[in-house]
Structures are given as structure tokens and as C-alpha cells.
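Data first, discussion second: the structure below is written as C-alpha cells.
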Amino acid sequence: MQSLPRKLCVQLALLPFVFSCSAQPTLEQKIGQMIMVGLPGNTVDTATPFYKDLRAGKAGGITLYERHLTPTHAAENLKNLIAAYQAAAPIPLFVAITQEGGVVNRLKEKYGFPPSPSAQYLGTLDNPDSTKYYADLTARTLSQLGINVNFAPVVDVFMPTNPVLGSRERTYSASTEAITRHAAQVIRSHDHYGVHTALKHFPGHGSSTEDSHLGVTDVSRTWKREELQPYEDLLEQGLVRSIMTAHIVNTRLDTTRLPATLSRTVITGLLRGQLKFDGVVFSDDMHMKAISAEYGLEEAVQLAINAGVDVLLFSGNAGEGVSTAPTDLVRIISELVREGKVPEQRIDESYRRIMRMKGGF
């Protein structure tokens, strides 16, 4: 197992309770880096199990939603919230948000944040300067708050009948060339401000006629090979920082009917093998019903990791009575490794990619 990147060690030296850069991390510490969870609220309570889990390194990332904003002084309070959790974590956290613009816009103007139009608006306008202007606004805002990962841009192909993407103005265009052009500018703007981006939803969600938040979504009849083109083009340009999976079934890519998030054929075979991507792969929210209503937690986690997913995202948006504590996730994955159901090599691969990304800016 290789040591931590030198740049990350410098960052770690500034934080309390760090892991030694010369020591080998334990299995549980490596697994902790693979866990990203939604915060339980918009204040920090040091007495909660969640805070203690974070302090113990049992989650390597946190994700933010509108529920984490306060009605007044939203920016100041969010910045302080993020800083408090970063100070508690033994390794710098991924702090993620889904700030696409348009309807998927956590940092709304009503809280005092700058405007953020939809991808469809920018794609229809098709003015590179406008895309750059709004991408710069978004990236600068995220950087100032302490957010270092934006789950954007969406590179799915526009279809007006799509209930969760096209109909909600989340896609730039039906033209893969236009998608690539606008997505490239969004990535460059975020790079400039030190914020990572994640292309989504691999291997293409644009043609779906169902919503994977609500249940199984099958694109086998509607998916086209061109939906991979933006990934290929942006990879060729060296602009892909990370990728988020789709919970879609596509028997043209995997005849077993596993959702892409859980499919080794799609993630390791297609994305890693054919497209040669060796960066971080984030799962879409594992609490979405396309996963949570079809698979048990242990089975879903096992399949996702073996598929090649590096960071498992649990939003905390699953509803009443559903809770996934970091300590429980680390325990489940540790047991899967010890039982031989997940190779430790897979944990090491993900840990290496995560540490490289965390040291990337």
C-alpha cells in the first residue's frame, strides 16, 4: 500500500488527530474514505454519533442540500458548518453539492446567492461567454464556502420526454458536440477555483422515460451509443475529474439487468477498460429507490464496490426510519472484505484514487 501523496500530507499536517503519513492506514480507515453522507442538520453537535464517526475517519465526504441552509445569513452559517466538520475530520473531506443550476439549485437567490440558470437555458443560448460567466459565479461561490466537489455538469443527451432530466431543463442539448463544449467550460471554471466536478450520469440517463429516484429505470430500448460521446470527448481533452454513475438498467451494455451503479461490466469493463478512466467514480445516491427498493444494503454495497465504484453516496433523503450511519457502513464493508466477498485490492484501488483526487488542487 503506497503512502499518502506529499501534497495531501502537507494539508494533513495542519489538522488535529491526523493519520501519520509514514504509517500504513488500516482497512477501516481506507474504507471510511469511500463513504459520503448527507449531514444530519445545519448545526454541529459534537455529542452526536455522526460527529464522532466523522472525527474517527469513518466518512471521507459529506454532501449538502437545501436543508442545510439557514433562512438568514445562509452563506456565513454554511461556511462555518463546513469548516467545523473539516476541522474535525482526520483527513480533509470531500464536501459536495449538486449545484447544476435551474431547478437543481441548492444555493438559491432567496438565500443571497448569485443566479444560476439551467443547463438547457445555456445550451439554447449557446454563448460560451455566458456559460463561462455563470460557471465562474458558481465555482467562485462554492470555493468561498469551502465546497470542493460539484456533482455537475450533466452530460446526458436532451430528450424532452425524460421526466427527471430533459423535462426539468437539466441537459444542455440534443447535440453531443454542444454538450461537450458547454461542459468543458463548466469544468475549466471550476478547475480555476479549485473545485472538482463530476460528469453524470454514466453511461447515459438522457433517454430514460422513468425516474430512478422512484424505482427501476430501464433504458435498453431508448439508449444510443452516442450518449457516451461527451465522456469520450472530455476524456480526450483531459478534463474529466470524476464521474457519477446512473442507476439505470441497460441490457445493451449488461445483459444481467444490473443497474449501471452495480454493474462491473459497465463500470470496470466499459468505463475503466474501454474508456481508460482511472479517476474517482461516485455512485449516485444509494438511497434512491432504483437501488434501495430493489437490493438490500449489504448486497448493494458489495455489488457497487465490486463494480468499480470508489465513493458510495448516501444522502440521508430516504425518508423516516431509514438511516445509514458511517460506522455501520464501515463495519458492513469490513466484514465483506474479511469474508472474501469484496477483495481488499478493490479497497486499495479506491483509496488510491480518492487520495489522489483530494491532493489534486
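The values are calculated or read from the model by the stated rules, or taken from the named source; none is laboratory data. What you are looking at is a predicted structure, and each value in this text was computed from that prediction instead of being measured. Note that we place each Cβ from the backbone using ideal geometry, even for glycine, and neighbour counts take in every protein chain shown. Surface accessibility is based on the protein's heavy atoms, side chains included, excluding ligands, DNA and RNA. Shrake-Rupley method; radii C 1.70, N 1.55, O 1.52, S 1.80 Å.
Give segment 96-132 a look and list any residue that's over 26 Å from F282 (Cβ atoms) and of a type outside the set (D, E), or say none. Passing the criteria: K110, G112, P115, T124, L125, N127, P128, S130. From the list T324, T255, T251, the lone residue that is open to solvent by 30 Å² or more (accessible area, probe 1.4 Å), more than 16 Å from T217 (Cβ to Cβ) and assigned to a loop (DSSP other than H, G, I, E, B) is T255. Only one entry of D278, D310 meets the criterion of being in contact (Cβ under 8 Å) with a residue 60 or more places away in the chain and within 18 Å of G61 (Cα to Cα), and that entry is D310.
Is it the case, given these coordinates, that V154 is touching a Lys or Arg at 6+ places or on another chain (Cβ under 7 Å), crowded, with 24+ Cβ neighbours inside 10 Å and either among the basic types (K, R) or at pLDDT 95 or above (or both)? For V154, the condition - touching a Lys or Arg at 6+ places or on another chain (Cβ under 7 Å), crowded, with 24+ Cβ neighbours inside 10 Å and either among the basic types (K, R) or at pLDDT 95 or above (or both) - is met. Across segment 191-202, the qualifying residues are those that are within 12 Å of V240 (Cα to Cα) and out of contact with any Gly (no Cβ under 8 Å at 6 or more places or on another chain), and the one among them that is most open to solvent (accessible area, probe 1.4 Å) is D191. Checking V281, V266 one by one, the residue that is outside any helix (DSSP H, G or I), buried (at least 19 other Cβ atoms within 10 Å of the Cβ) and in contact with a Gly (Cβ under 9 Å, 6 or more places away or on another chain) is V281 and no other.
The lone criterion from (1) within 16 Å of the chain's Cα centre (by Cα); (2) crowded, with 18+ Cβ neighbours inside 10 Å; (3) farther than 15 Å from R264 by Cα; (4) at pLDDT 95 or above left unmet by H287 is number (4). Does T176 count as open to solvent by less than 10 Å² (accessible area, probe 1.4 Å), among the hydroxyl-bearing types (S, T, Y) and under 15 Å from L234 (Cα atoms)? Considered against the rule, which asks whether it is open to solvent by less than 10 Å² (accessible area, probe 1.4 Å), among the hydroxyl-bearing types (S, T, Y) and under 15 Å from L234 (Cα atoms), T176 comes out as no.
Scanning segment 184-215 for residues that are in a loop (DSSP other than H, G, I, E, B), of a type outside the set (A, V, I, L, M) and out of contact with any Asp or Glu (no Cβ under 6 Å at 6 or more places or on another chain) turns up Y193, G194, P203, S207, S208, T209, E210, D211, S212, H213, G215. Residues that are within 11 Å of H68 (Cβ to Cβ) and surrounded by fewer than 14 Cβ atoms within 10 Å (Cβ to Cβ) within segment 38-55 comprise G41, T43, listed in sequence order. Here segment 129-149 is the region considered, the condition is being assigned to a helix (DSSP H, G or I) and among the polar types (S, T, N, Q), and the residue that is surrounded by the fewest Cβ atoms within 10 Å (Cβ to Cβ) is Q144. Among residues of segment 55-83 that are under 18 Å from Y111 (Cβ atoms) and touching a residue at least 60 places away in the same chain (Cβ under 8 Å), those with a beta-carbon under 8 Å from a residue that is open to solvent by 60 Å² or more (accessible area, probe 1.4 Å) and of a type in the set (G, A, S) at least six positions away or on a different chain give the pairs A75/G112. Restricting the first member to segment 121-137 and to residues that are at pLDDT below 95, and the second to residues that are among the polar types (S, T, N, Q) and in a helix (DSSP H, G or I), no beta-carbon pair is closer than 8 Å while six or more apart or on different chains. Among the helices (runs of 4 or more DSSP H) confined to segment 27-114, the ones with at least 1 residues that are touching a Gly at 6+ places or on another chain (Cβ under 6 Å) are located at 27-32, 74-88. Against the test of being open to solvent by less than 10 Å² (accessible area, probe 1.4 Å), touching a helix residue (DSSP H, G or I) at 6+ places or on another chain (Cβ under 9 Å) and closer than 15 Å to S350 by Cα, the options L234, L271 yield a single qualifying residue, L271. Apart from one condition, L239 fits all of (1) modelled with pLDDT under 95; (2) under 18 Å from L122 (Cβ atoms); the exception is (1). For beta carbons closer than 6 Å, sequence separation of 6+ or different chains, a first residue in segment 146-170 that is under 13 Å from A246 (Cα atoms) and a second that is in a loop (DSSP other than H, G, I, E, B) and open to solvent by 10 Å² or more (accessible area, probe 1.4 Å), the qualifying pairs are F151/T98; V154/R170; V164/D211. For the subset of segment 56-96 comprising residues that are closer than 19 Å to S315 by Cα and basic (K, R), which member is most open to solvent (accessible area, probe 1.4 Å)? The extreme case among them is R67. Candidates are the residues of segment 111-120 that are without any contact (Cβ under 8 Å) to a residue 40 or more places away in the chain and out of contact with any strand residue (DSSP E or B) (no Cβ under 6 Å at 6 or more places or on another chain); the one that is least open to solvent (accessible area, probe 1.4 Å) is F113. Which of (1) in a loop (DSSP other than H, G, I, E, B); (2) more than 22 Å from V281 (Cβ to Cβ); (3) modelled with pLDDT of 95 or more does R181 not meet, given it meets every other one? That leaves (1) as the condition not met.
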